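The values are calculated or read from the model by the stated rules, or taken from the named source; none is laboratory data. Please read all numbers here as calculations on a predicted model, not as lab measurements. Heads up, the Cβs are rebuilt from the backbone with ideal geometry, glycines too, and the neighbour counts pull from every protein chain shown. Ligands, DNA and RNA are stripped out before the accessible areas are found, and what is left, the full protein with its side chains, is counted by its heavy atoms. Shrake-Rupley method; radii C 1.70, N 1.55, O 1.52, S 1.80 Å.
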Amino acid sequence: MKHINSTVWELVMGILFTAGVLEVLLLVFLPDKLSLSLGLLIGMGTAVLMVFHMNYSIAKILDMGEGAARKGAVKGYAVRTIGVVVILLLVVVTKKANILSCIAGIFTLKVAVYLQPFTHRIIRRVKE
């Protein structure tokens with residue numbers, strides 16, 4: 001917990017906000033609410049885990065030399081990519097959650113990155 005950057009929490013807040021907006025849209029406009037919501041929840045959880053893993057990987061490679069850091073960054077990327085593929089395969093195989101809403105949940109991380117300057121300002125103002 002001591003190595004968790006404040007940016008990580010800002011990204012998590014962005015993921016939660018984006019997933020919340022998507023959840024409302026899913027519940028209002030689409031049928032099969034349980035499958036869609038479960039897929040979004042799984043995707044959102046995956047996105048949050050990816051943020052924490054990125055933070056861990058970055059903290060780890062900062063202590064390495066240039067060559068080792070490059071390999072460490074590639075290894076971290078590979079672990080996250082394999083993790084996402086495994087989760088998507090599990091969603092497809094179990095057929096309990098909607099795969100498209102799961103992918104949308106994973107992409108909440110991308111939206112959170114763009115929202116991060118705004119979430120940073122909001123959190124800073126709340127703290128003051």
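A helix-only calculation puts the chain at -30000 deg cm²/dmol for mean residue ellipticity at 222 nm, using -39500 (n - 2.57) for each DSSP H run of at least four residues, averaged over all residues.
Listed by chain and number, the aspartates and glutamates whose C-alpha is less than 19 Å from the C-alpha of LYS127, apart from same-chain residues fewer than 8 away, are GLU10. Solvent-accessible surface of the stretch 7-51, taken per residue with a 1.4 Å probe and all protein chains present: 52 Å². Work out the charge dipole of the chain with +1 on the Cβ of Lys and Arg and -1 on the Cβ of Asp and Glu about the Cα centre, then indicate which of PHE107, ASN5, LEU16 is farthest towards its positive end. Of PHE107, ASN5, LEU16, it is ASN5. Percent of accessible area on the stretch 4-90 owned by carbon and sulfur, 1.4 Å probe? Here it works out to 79 percent.
In this structure, every pair taken from LYS33/LYS95; LYS75/LYS110; LYS33/LYS96 has an alpha-carbon distance of 23 Å or less. Rounded to the nearest 20 debye, the dipole magnitude of the stretch 24-128 is 100 debye, with +1 charges on Lys and Arg beta carbons, -1 on Asp and Glu beta carbons, and the Cα centre as origin. Candidate membrane-span-like segments in the chain, meaning DSSP H helices with Cα atoms spread over at least 27 Å of their own axis and a Kyte-Doolittle mean of -0.5 or above, are 6-29, 33-61, 66-94, with no membrane implied.
Residues ARG124, ARG80, ordered by accessible area of protein heavy atoms at a 1.4 angstrom probe radius and largest first, appear as ARG124, ARG80.
Three principal axis extents of the chain based on alpha-carbon atoms, in descending order, are 52, 43, 22 Å.
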